[in-house]
Amino acid sequence: MDLATLHLHWRVSKYKGKSYRSYSLARAYRKDGKNRKEICVKLGKLTDEAVNRWKTLLKAIKKPDTFVTTCDDITVTNHFAYLDTATVNAVWDYWELDKVFQNNGMRSVNISNIARILTINRCINPVSKSQISEWFKTTALRWILDLRVDSINPSRIFRELEVIEKNKEAICDHLFQLMSSRNPDSMKSIFYDLSSTTFTGSRCLLMKWGHCKEGYRNHIVLAIVVNNEGLPFYWEVLPGGTADATTITWLLERMSKRFKVKNTTLVFDRGMVSDDNLTLLEEDEIKYISAMDKNQIGDITGLDFNQFSHLDLKHVDEQAEKLKNFTKLNSNTYYQEVVVKKNRRYILCFNPQLFKDQRKARDQATIDFFTFVDNLNNELIKAKKSRQKEATYKKFKKGASKYKLAKFVDVSLEVIHVRGKTDEVKIRTFQGNVIVDEEKKKAAGKLDGFWLLVTNHIEKNSDSFKVSAKEAISPYREKVVIESAFRDIKSFVEVSPIFVWTEAHVKAHYTICVLSHLINRTLTLRLHEFIGNLTAETVSHEKLYAMLSGCMIDQIQVESVGLSTYNMSKATDEQKELLERIELRDLLNNNIIRKARAF
């Protein structure tokens, strides 16, 4: 009797006036064109629990891989990271990055797969290049990419870094074309900036010792261009110590000739603003938006900023509403067109929150300087040798400069004598007394909250500019997208530490980091576009990866039958909703399990 051909059948029977269900195992067949049923085994009256067991057994028997075991015989022997790595892998495919790596020669593993694996690792769990192969073994990428585990080894990783770097320009071209075709509006404003990243080691020719945002360190400069969604499409690794303003020339060459961005606006920080750079952009007919240094505001606008001396911390929000000749853009920005000189248009902006921040920062710096003076006075009073007045005064002034208070803070020195080793020995030392010039302090803060925008959008329709002040200000205020890019690349993507040192390897490392940011940013945009119910608070790629990481491919051992197989951890409702939000719901299908079992 083949149980796989049977099903559970029941009929109502009566006994002593009571009705009950009587069960049997039956086989269905057709005869003379009609459905028939043969009772094979009578089971009689069954409990609900027994009925469920028979149904489960008959259903299981119909599957060819069915066997009987107990819970004690089933163990999970290994886990392989799946849902988080599969998510990054899917976004790599979304950007069609494999198309860039066409020529694989005689390689057993495509260059695109090496670049893909390095990028996924940077997003999920950054490790050194030499550790990539060990990390690869802990993931489901072997089945996703159809790769043998032993095909990914340190020598192959390092060998292909140089090839990846040779494809960098092609990657940039590919991303630019793709972004331009998919969302042309995202390229109306492009953002450019540079940042330094510290460097481990001393052999790389690109690395230079010098001042950077982290202090005096060995560092390299990363230049990056992103669209108005914060998605990178061009980057360059420059030697440490490269001045911001000197990079406009090569950027100009790429923007105007390779990317043909005549109809877009280049937005960059004030650190790159110089008369020569603006002239270069104007001569090449590239539209730009930037800001001027604070010390240039007075000369360019011709305004007497003493007229704003009434602004104060407590009432600045209300006072901003009444600023003469200023128009309100939003609660944080008021503006007025001030002047057009040659091909440049200047718009003066006032930000109440910036005003508060700058005032509070100056007050805090003053408090910190008083603490600095107290500490230095304590050192001086314990002097073991007599001090020189000029040298001591320079120490106080250096502190004032450090806290950016030199314009309105001074220190007077008072001579005191302290006891030396004996009563007869007197040591001449000093005590500093802080002098704050309130008028000069007021003058130092007269530009608080103000910033000056410069642009060459000077074309007019009759009496008004074609590009309104609001349209000119908004892109510069949105340059936070590129600042966010640097924060992501330098922190979560973890550029540092860098364990490679040849120029090609270092540049390839940065290319992988930027591609990781491209994927991170893509996922973040999707999370912000679709807000869920269970996962509404998940709006960053970091949190996304953490929440998806729990869904893994599990290796299962069944001792009673000597079976080793694979299955996927059951996805939670939160994980399912996240996949809906990032448009990758298909990642929970059984294809990966079938591949793992057949691999």
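The values are calculated or read from the model by the stated rules, or taken from the named source; none is laboratory data. Note that the coordinates shown come from a computational prediction; the quantities given were computed from them, not determined experimentally. Cβ sites come from the backbone with ideal geometry, for glycine too, and all protein chains shown count toward neighbours.
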Test: residue in the range 411-420 that is at pLDDT 95 or above, surrounded by 12 or more Cβ atoms within 10 Å (Cβ to Cβ) and within 43 Å of the chain's Cα centre (by Cα): no
Residue match in the range 96-104 (condition: part of a loop (DSSP other than H, G, I, E, B) and modelled with pLDDT of 95 or more): yes
1 or more residues over 36 Å from the mean Cα position of the chain (by Cα) and closer than 29 Å to THR264 by Cα: qualifying strands (runs of 3 or more DSSP E) within the range 286-341: 333-341
Any chance THR333 is of a type in the set (S, T, N, Q), surrounded by fewer than 20 Cβ atoms within 10 Å (Cβ to Cβ) and at pLDDT 90 or above: no
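Scan the range 163-186 for residues that are outside any helix (DSSP H, G or I) and farther than 12 Å from ASN227 by Cα and jot them down.
Scanning the range 163-186 gives a single hit, ASN167.
This table checks each residue for (1) in contact with a Phe, Trp or Tyr (Cβ under 8 Å, 6 or more places away or on another chain); (2) among the β-branched types (Val, Ile, Thr); (3) not in a helix (DSSP H, G or I).
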residue	(1), (2), (3)
ILE347	yes, yes, yes
ASP368	yes, no, no
LYS384	no, no, yes
ALA391	no, no, no
GLY399	yes, no, no
LEU413	yes, no, yes
VAL418	no, yes, yes
LYS421	no, no, yes
LYS440	yes, no, no
Filtered residue count, the range 426-465, keeping only those that are of a type in the set (Val, Ile, Thr) and closer than 20 Å to VAL411 by Cα: 4
Selection within the range 537-592 - of a type in the set (A, V, I, L, M), in contact with a Lys or Arg (Cβ under 6 Å, 6 or more places away or on another chain), closer than 20 Å to PHE80 by Cβ and not in a helix (DSSP H, G or I): none
Filter pass, ASN375 being within 45 Å of the chain's Cα centre (by Cα) and over 30 Å from TYR476 (Cβ atoms): yes
Residue in the range 127-138 that is under 24 Å from the mean Cα position of the chain (by Cα) and acidic (Asp, Glu) present: no
Odd one out for LEU251, checked against (1) touching a helix residue (DSSP H, G or I) at 6+ places or on another chain (Cβ under 6 Å); (2) modelled with pLDDT under 80; (3) of a type in the set (A, V, I, L, M, F, W, C): (1)
Among the candidates LEU518, LEU525, LEU563, residue that is closer than 21 Å to ILE124 by Cβ, surrounded by fewer than 16 Cβ atoms within 10 Å (Cβ to Cβ) and not hydroxyl-bearing (Ser, Thr, Tyr): LEU525
Residue that is nearest to THR524 (Cα to Cα), among those in the range 75-114 that are in contact with a helix residue (DSSP H, G or I) (Cβ under 8 Å, 6 or more places away or on another chain) and of a type in the set (Asp, Glu): ASP84
Positions within the range 279-297 being within 21 Å of LYS188 (Cβ to Cβ) and out of contact with any strand residue (DSSP E or B) (no Cβ under 7 Å at 6 or more places or on another chain), in sequence order: GLU282, ASP284, GLU285
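Condition check ((1) acidic (Asp, Glu); (2) closer than 16 Å to VAL514 by Cβ) across all residues:
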| site | (1), (2) |
| --- | --- |
| ILE111 | no, no |
| SER133 | no, no |
| ASN167 | no, yes |
| ASP173 | yes, yes |
Any hit, the range 154-161, residues being assigned to a helix (DSSP H, G or I), touching a residue at least 24 places away in the same chain (Cβ under 8 Å), small (Gly, Ala, Ser) and over 27 Å from LEU231 (Cα atoms): no
Single unsatisfied condition, SER549 versus (1) farther than 17 Å from THR139 by Cβ; (2) in contact with a Leu (Cβ under 9 Å, 6 or more places away or on another chain): (1)
So ASP363, is it at pLDDT below 95 and either aromatic (Phe, Trp, Tyr) or outside any helix (DSSP H, G or I) (or both): no
One residue from VAL51, VAL88, VAL41 being closer than 30 Å to ASP146 by Cβ, among the aliphatic types (A, V, I, L, M) and either modelled with pLDDT of 80 or more or outside the structural domain of MET552 (by TED's automatic domain parsing) (or both): VAL88
Residue within the range 255-267 that is crowded, with 22+ Cβ neighbours inside 10 Å, modelled with pLDDT under 85 and either on the phi > 0 side of the Ramachandran plot or in a helix (DSSP H, G or I) (or both) present: yes
Where VAL467 falls short, out of the listed (1) under 45 Å from the mean Cα position of the chain (by Cα); (2) outside any strand (DSSP E or B); (3) touching a residue at least 24 places away in the same chain (Cβ under 8 Å): (3)
Selection from the range 81-95 of residues that are aromatic (Phe, Trp, Tyr) and part of a helix (DSSP H, G or I): TRP92, TYR94
Qualifying residues in the range 421-448 (those that are among the acidic types (Asp, Glu) and more than 14 Å from ASP312 (Cα to Cα)) - the one modelled with the highest pLDDT: ASP437
Hits in the range 421-437 - residues which are in contact (Cβ under 8 Å) with a residue 12 or more places away in the chain and either crowded, with 17+ Cβ neighbours inside 10 Å or of a type in the set (A, V, I, L, M) (or both): ILE427, THR429, PHE430, GLN431, GLY432, VAL434, ILE435, VAL436
Single residue of PHE430, PHE355, PHE350 found to be more than 30 Å from ASN330 (Cβ to Cβ) and either hydrophobic (A, V, I, L, M, F, W, C) or touching a helix residue (DSSP H, G or I) at 6+ places or on another chain (Cβ under 6 Å) (or both): PHE430
